[in-house]
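What follows is calculated from the coordinates using simple rules that are stated; it is not laboratory data. Fair warning: this is a prediction, and the values are worked out from it, not measured in the lab. Note that we place each Cβ from the backbone using ideal geometry, even for glycine, and neighbour counts take in every protein chain shown.
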Amino acid sequence: MRAQIIGLGYGLPERRLTNQDLEKMVDTSDKWIVERSGIRERRIADQPIKCSDLAYQAAEMAVQRAGISAQQLDLIIVATSTPDMFFPSTACIVQDLLGATNAAAFDLSAGCTGFVYGLDVAHKYLLADDCHYVLVIGAEIISRILDYEDRNTCVLFGDGAGAAVLGKGSDAYGILSSVLGADGSGAAHLSMPAGGTAMPASLETVQNRLHFLRMNGNEIFRFASRITSEISSQVLQKAGYTYSDVDIFVPHQANIRIIRTAMKRMNIPAEKTLINLDKYGNTSAACIPVALFEAEQEGRIKAGDLVLLVAFGAGLTYGGVLLRWGRD
Ligand code: UT7
C-alpha cells in the first residue's frame, strides 16, 4: 500500500500586486526585487476573504477531482501560519464548509514547510486500517500580517491556497519516502512576535508593530541554501534514488537564488524544476500544492514521474517528500 495524491485543487485571490505597485508603497524597485528574489507579482486577498475561504476553494476542487465525496474524508489538515483565528482551527471551519461530517480536523503549524509536514502525517495516517482519505491543505493570507512599511519583508510574500486529497493505492504510485526536521534554535529568525501568550495583544504591541511578520532574511537564506540539497539527498537516499533520478523538482518558492543554488548542487536542470514565485511570490504552505496543481494542468508532470518536494520555513522547519506521480 502507498499513499497516493488522487486529487489537487487551488485557490488564488484575483488581485495582483506588482513590483511597480510596491514601488509606490515602499522604498524599493522592480529591479531590486527581481534580481534579489525573482518575484514580479503576487496575489492579495482583500477583506473580507479569510484563510478558510481560500482553503475551502482549494479543498472543494481537490475533493471533486479526487472523485470522492466530502463525507468520505477521514481527516482534514490545514497547514497555515495565518489561520482565521487562534481557535477554533481553520480546519474545523473548512470541515463544516465542505460538509465533511466524518472527518477529524486540525491545523498544522510548520510555517512554509506545512504542506510537506501535512503530506507526511497523511502518509502515516493512511497506514492505519480505519483511515481511507486525508485532505491536506496549505493556505495562507500572509498579506494580512505583513508590514507594508518594511521593505525587507513586504515584497516577498503573497496569498493563496493549494490542496491535495490522499488515498490508498498500490505500490506503483505514491509517496516513497519522507524526511521531516526542525531546528527550534532558529525560531526567532521568522516569527510574528505578539498576539500569543508570550506577548498578548496590547495597545503597545500594536503601536510597536509587533503583530507583523518579522524575519532575519540573511539567516533564513543561509539555512535554506544549505538545507534544500541536504534534505533532498536524505529523502532520495531513503528510497534508493539519487539526484539524477529526479524527473520533477518542486522546491519551496521563497527566493530564486535559493532554488538556483539547490539546482546547481544537485545538478537538476531548469526543465525539471517547477518555479512560480515570479507570479505568486512566497505563499508559504501554499507554494508546493499550487505548483503541483499548475504543473499537472500544463502536462509538465506525468504519471510515473519521480517527484521531489522540498520545503523550509518558520520554526525553523524543513522537510522533503519523494513520490512516484500518479494514481491507480
Ligand atoms: O519561506 C521562508 C521565508 N523567507 C525566506 O526564505 C527569505 C530568505 N531570504 C531572502 O530571500 C533574502 O535574504 C532577502 C530577499 C530577504 C534579502 O536579500 P539579500 O540579497 O540577502 O539582501 P540583504 O538583506 O543583504 O540586503 C541588501 C540591501 C540592504 O541595504 P543596505 O543595508 O546594503 O544598504 C537592504 O536594506 O538591500 C536592501 N533591501 C532592499 N532594497 C530595495 C532590502 N529589501 C529591499 C527592497 N528593496 N525590498
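The Rg/Rh ratio for the chain is 0.95, where Rg is the radius of gyration of the alpha carbons and Rh is the Kirkwood radius.
Straight-line reach from LYS124: taking Cα to Cα under 14 Å and skipping same-chain neighbours fewer than 8 places apart, the aspartates and glutamates in range are ASP74. Of the trypsin sites (Lys or Arg not before Pro) found in segment 229-328, those in coil by DSSP whose Cβ has at most 15 other Cβ atoms within 10 Å are LYS302. Which net charge results when you count Lys and Arg as +1 and Asp and Glu as -1 among the other residues whose beta-carbon is under 13 Å from that of GLN20? Charge balance near GLN20 sits at +1. Pairs with C-alpha atoms separated by more than 23 Å, drawn from the list LYS168/LYS264; LYS238/LYS272; LYS24/LYS50; LYS168/LYS272, are LYS168/LYS264; LYS24/LYS50; LYS168/LYS272. Remark: relative contact order (the chain) = 26 percent; criterion is Cα-Cα distance under 8 angstrom and separation of 6 or more residues. Loop-located GluC sites (Glu not before Pro) in segment 129-210 (DSSP state not H, G, I, E or B) with no more than 16 neighbouring Cβ atoms inside 10 Å: GLU149. Applying both filters, DSSP loop and at most 11 other Cβ atoms within 10 Å, to the trypsin sites (Lys or Arg not before Pro) of segment 1-36 gives LYS24. Normalised by the number of residues in segment 226-328, the average gap of Cα pairs under 8 Å and 6 or more apart makes the relative contact order 34 percent.
For the pair GLN64 and ARG36 in one chain, pulling the backbone fully straight at 0.36 nm per residue adds 6.2 nm over the alpha carbon distance.
Here the chain carries DSSP beta bridges of which approximately 70% are antiparallel, counting only pairs with both residues inside. Less than 5 angstrom separates the built amide H of LYS50 from none of the residues sequence-distant by 5 or more or on a different chain.
When DSSP beta bridges are restricted to pairs lying wholly in segment 176-324, around 75% turn out antiparallel. Can you give me the C-alpha center-to-center distance between segment 1-54 and segment 297-328, rounded to a whole angstrom? Using only Cα atoms to place each centre, the spacing works out to 20 Å. The simple spin-label model puts a point 7 Å past each Cα toward its Cβ; for ASP245 and ASP147 those points are separated by 4.6 nm. Spin-label model, GLU219 to ASP183: label points 7 Å out along the Cα-to-beta-carbon direction sit 1.1 nm apart. With Cα atoms as the point set, the radius of gyration and Dmax of segment 176-324 evaluate to 17.1, 55 Å. What number comes out for the charge environment of TYR173, summing +1 per Lys or Arg and -1 per Asp or Glu over other residues with Cβ under 12 Å away? Here the count lands on +2.
Calculated mean residue ellipticity at 222 nm for the chain: -9500 deg cm²/dmol, from DSSP H runs with n ≥ 4 weighted as -39500 (n - 2.57), summed, divided by the residue count and rounded to 500. Over all other residues within a Cβ to Cβ distance under 13 Å of PHE115, the charged ones net out to -3, with Lys and Arg as +1 and Asp and Glu as -1.
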